[in-house]
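Contents: one structure, followed by commentary.
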Amino acid sequence: MPYKINDKLKNMTPYEPIEGNYRIRLDANESFLTVTEELKSEILSAVSGVRFNRYPDPYAKELCALFASYYGVDSALVTAGNGSDELICLIISAFLQKGESLLCFEPEFSMYSFYSEVAEARCVKLGKGDGYRIDPAKAIETADAEGVRMIVFSNPCNPTSTALPREDVLKIIDGSGDRLVVVDEAYMDFYGQSVLDEVARRDNLIVLRTCSKAVGMAAIRLGFAIAPKRITDALRAVKSPYNVNSVTQAIGCAVLSHPQEISKRVEKINASRDMLADALHALEKEYPGELHVVAHEANFAFVECDSSAELFDYLKGRGIIIRYFGKTLRITAGRNHENAELINAMRDYFNEKKDDKNA
Ligand SMILES: *Cc1c(COP(=O)(O)O)cnc(C)c1O
């Protein structure tokens, strides 16, 4: 008898990144800013100081202290991870037991339901309704009715780029009783209504942060979980001991030692996002019924568009890559000329479509 892959794995397929060389990549919500030459030389010197024959610091103490100081939290409540992705996997698989339930929303970042499947947890999905925003009262009502043990959402949300005001997030935490609430703030630098400061006062809150977006360091895989002491202890107990490698720790320390650089980057990215959003709104007026700009509260815009698949292919043909999900598009803010090229290509597409209709 051949070895049999178990039921939960047998229908899974490896993650497929978008292949091919595109001139303009607006598909992954990364930062369009590369590191400055000064920072690059600091990074290289930090890496050359790494003791390659030794295991890394299991608690990444220096790194967590720098993170804590930039975001104004207690470093005793910070755990570093190999990307926040690792932390999401860890939290879902360790804080839920087999068969326990998790409340997610729809549309949302797909990794929450993906990891809950691997963990054999039950993922309850609540549709977000009009405007793609979470309704706190409905969320609590559903959590109660379904007996969930954990609520997870991103704020601002990927892919919808909608954000929930801080008071609404607090309503969800307040109404959650003994449930764990995980707020993934991967894009919070762009919106500025974090609940990080609440962690010290709560016993059921985990906030996730990443260096992959505003900080512009997706390549090094670095994320953080900020949680009350009891939860932090449990997280540290269950994580793999050397989860964040020494090279990443050294580079992360170099980058987080320049807080004013990070703030400057956020400003530049927000300016690009505003430019992209204004241009998309202008297209919406120019071509009524073709597209509707839903939101742009992170470093990307979310757009409803009936011809999303066709437009996606058209842009690909022009060397521009974005994301589409059903009848919606997610477009990352890029450099000024990249945003401009995208908008021009979209305009060409809508013009050609109009000509075809009139022909
Ligand atoms: C990009 C993103 C992350 C970041 O994951 P990393 O593993 O830290 O790169 C986490 N959550 C959401 C919602 C994201 O969009």
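Computed from the coordinates by the stated procedures, all read-outs in this text should not be read as laboratory data. In this text the structure is predicted, and so the values were computed from the model without any measurement. Neighbour counts run over all protein chains shown; Cβ positions are idealised from the backbone, glycine included.
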Do we have residue 152 as free of Cβ contacts under 8 Å to residues at least 40 places away in the same chain, within 16 Å of the ligand (Cβ to nearest atom) and in a strand (DSSP E or B) here?
no
Tell me whether the stretch 129-149 contains one or more residues that are in a strand (DSSP E or B), more than 16 Å from the chain's Cα centre (by Cα) and not acidic (Asp, Glu).
no
Among the numbered conditions (1) hydroxyl-bearing (Ser, Thr, Tyr); (2) crowded, with 17+ Cβ neighbours inside 10 Å; (3) away from the ligand (no atom under 16 Å from the Cβ), tell me where residue 113 comes up short.
(3)
Scanning the stretch 46-67 residue by residue, the ones that are within 15 Å of residue 252 (Cα to Cα) and either touching a residue at least 40 places away in the same chain (Cβ under 8 Å) or in a loop (DSSP other than H, G, I, E, B) (or both) total 14
Return the residues of the stretch 35-64 that are among the β-branched types (Val, Ile, Thr) and either within 16 Å of the ligand (Cβ to nearest atom) or closer than 19 Å to residue 321 by Cα (or both); say none if nothing qualifies.
none
Taking the stretch 95-109 and keeping residues away from the ligand (no atom under 12 Å from the Cβ) and either in contact with a helix residue (DSSP H, G or I) (Cβ under 6 Å, 6 or more places away or on another chain) or of a type in the set (Val, Ile, Thr) (or both) leaves 101, 102, 103
Taking the stretch 276-313 and the residues there that are among the aliphatic types (A, V, I, L, M) and surrounded by fewer than 16 Cβ atoms within 10 Å (Cβ to Cβ), the one that is farthest from the chain's Cα centre (by Cα) would be 282
Lone unmet requirement of (1) without any contact (Cβ under 8 Å) to a residue 60 or more places away in the chain; (2) surrounded by fewer than 23 Cβ atoms within 10 Å (Cβ to Cβ); (3) among the aliphatic types (A, V, I, L, M) for residue 183:
(2)
The correct count of residues that are touching a residue at least 12 places away in the same chain (Cβ under 8 Å), over 17 Å from residue 234 (Cα atoms) and either assigned to a helix (DSSP H, G or I) or in contact with a Phe, Trp or Tyr (Cβ under 6 Å, 6 or more places away or on another chain) (or both) in the stretch 85-128 is 12
Of the residues 303, 266, 238, which is among the aliphatic types (A, V, I, L, M) and farther than 15 Å from residue 333 by Cβ?
238
Which listed residue is surrounded by fewer than 23 Cβ atoms within 10 Å (Cβ to Cβ), of a type in the set (S, T, N, Q), within 16 Å of the ligand (Cβ to nearest atom) and in contact (Cβ under 8 Å) with a residue 60 or more places away in the chain, from 246, 212, 240:
212
So, residue 77, is that one of a type in the set (A, V, I, L, M), touching a strand residue (DSSP E or B) at 6+ places or on another chain (Cβ under 8 Å), surrounded by fewer than 22 Cβ atoms within 10 Å (Cβ to Cβ) and more than 21 Å from residue 219 (Cα to Cα) or not?
yes
For the subset of the stretch 65-92 comprising residues that are within 16 Å of the ligand (Cβ to nearest atom) and of a type in the set (S, T, N, Q), which member is farthest from residue 229 (Cα to Cα)?
82
Got at least one residue in the stretch 160-178 being within 16 Å of the ligand (Cβ to nearest atom) and among the charged types (D, E, K, R)?
no
